[in-house]
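Below: the structure, in structure tokens.
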Amino acid sequence: MFISKSRYLIRKTFWGTVFGYGTDVTTQPDNAQSPRGFDGWSLSTPLHNHTLIYNMDDGNTTDSPSYDAANPYENREMRFYANINYQGAIFRGRPIDYAISLDNTVVPDGLDSFSQDQQTLGNFRHGSTTGYAIRKFQNEALGTDVKQASPGRPYIIYRLAEIYLNYAEASFRAGDEETARRYVSRVSERALQPAITASGPELLEAIKRERRIELAFEAHNFFDERRWLNEDNLGFDVQGMRWIKNLDENVSSEKFTIETRPFDKKQYYLPIPQSEINITEALIQNEGY
């Protein structure tokens, strides 16, 4: 573990070329997360729900007229392009193509599509089910050889942006909104977004949004949504983007629901093993189990 003075982060670096802990978070992250056409597995596929949280480059939300549903990836904030591999994104020298052809005997499926018919497309056992893949953390200098090990790559444990966001939320809950606005704005403005001027519940929501975007895929959101008791983000319709390639090679898209993910309040807690309850009569099982 190291403290990097230049970037104000605490990081862990994996050394050597031994694949000792699997492939997704240690020595082969590019193999695990790259789109299928790069011989990747797309093991962690961002949801369309998540992409809608990113603002437009003018600071407006995707609920505003600035957002064009027919061109959903135009004029978005810079963190969208840094974090997400989407349809048409230029990645390792070519546009990503998730589109499935209406007839792949005439027009081939996209190189990165989850096609079951053309098993020569990259790794046919894996592919993105949502129409997205993670771009954050990828080493784009690897080219097509995503299976090579990446020893020495740092993994973030704690960094300055999280310190600011922790301090902003703590300040808000302590009643100091001025300090909360100042520190959450440092994160927002660094990403070329407007300073946060909200107050009250809207300020807390702005802090939450910054955490969801700035700390995306850094293992925070699972715990954040639970401590916020935000059940709308725990049980919901899981959405993806489906891309269709017509025989004239024009591509169209549609939003679709992959699954409806339920959430029960008992899931805030884990069940206590019966063997532990048997040890003492005073120990009561968590509600719902």
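The values are calculated or read from the model by the stated rules, or taken from the named source; none is laboratory data. Keep in mind that what you see is a predicted model, and the values were worked out from it rather than measured. All Cβ positions, even for glycine, are placed from backbone atoms using ideal geometry, and neighbour counts span all protein chains on display. Quick note on the areas: whole protein, heavy atoms, side chains included, nothing else; ligands and nucleic acids left out. Shrake-Rupley method; radii C 1.70, N 1.55, O 1.52, S 1.80 Å.
The set of residues in region 186-215 that are open to solvent by less than 70 Å² (accessible area, probe 1.4 Å) and over 24 Å from the mean Cα position of the chain (by Cα) comprises ALA198, SER199, GLY200.
If only residues of region 190-242 that are part of a strand (DSSP E or B) and of a type outside the set (Phe, Trp, Tyr) are counted, the one that is nearest to TYR73 (Cα to Cα) is MET241.
A quick yes/no check of all residues on (1) closer than 15 Å to TYR132 by Cα; (2) open to solvent by 20 Å² or more (accessible area, probe 1.4 Å); (3) outside any loop (DSSP other than H, G, I, E, B); (4) not charged (D, E, K, R):
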position	(1), (2), (3), (4)
PRO46	yes, no, no, yes
ASN49	yes, yes, yes, yes
ILE53	yes, yes, no, yes
ASN60	no, yes, no, yes
TYR67	no, yes, no, yes
PRO72	yes, no, no, yes
TYR81	yes, yes, yes, yes
GLY88	yes, yes, no, yes
ASP97	yes, yes, no, no
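A count restricted to region 237-259 and to residues that are in contact (Cβ under 8 Å) with a residue 24 or more places away in the chain, open to solvent by 50 Å² or more (accessible area, probe 1.4 Å) and either among the β-branched types (Val, Ile, Thr) or over 30 Å from LEU111 (Cα atoms) (or both) stands at 2. Entry remark, region 164-216: residues being of a type in the set (Val, Ile, Thr), under 17 Å from GLY59 (Cα atoms) and free of Cβ contacts under 8 Å to residues at least 40 places away in the same chain number 4 in total.
Would you point out which residue out of TYR155, TYR183 is open to solvent by less than 60 Å² (accessible area, probe 1.4 Å), in a helix (DSSP H, G or I) and over 30 Å from LEU102 (Cα atoms)? Even if it seems obvious, please write down each step before you answer.
On the way: TYR155 fails: in a helix (DSSP H, G or I).
Result of the check over TYR155, TYR183: TYR183.
If the condition is being out of contact with any Gly (no Cβ under 9 Å at 6 or more places or on another chain) and among the polar types (S, T, N, Q), then region 252-289 contributes SER252, GLN274, SER275, ASN278, THR280, GLN285, ASN286. Within region 271-288, residues that are open to solvent by less than 100 Å² (accessible area, probe 1.4 Å) have Cβ atoms under 7 Å from residues that are among the aromatic types (Phe, Trp, Tyr) in these pairs: PRO271/TYR289; ASN286/TYR269, counting only partners at least 6 apart in sequence or on another chain.
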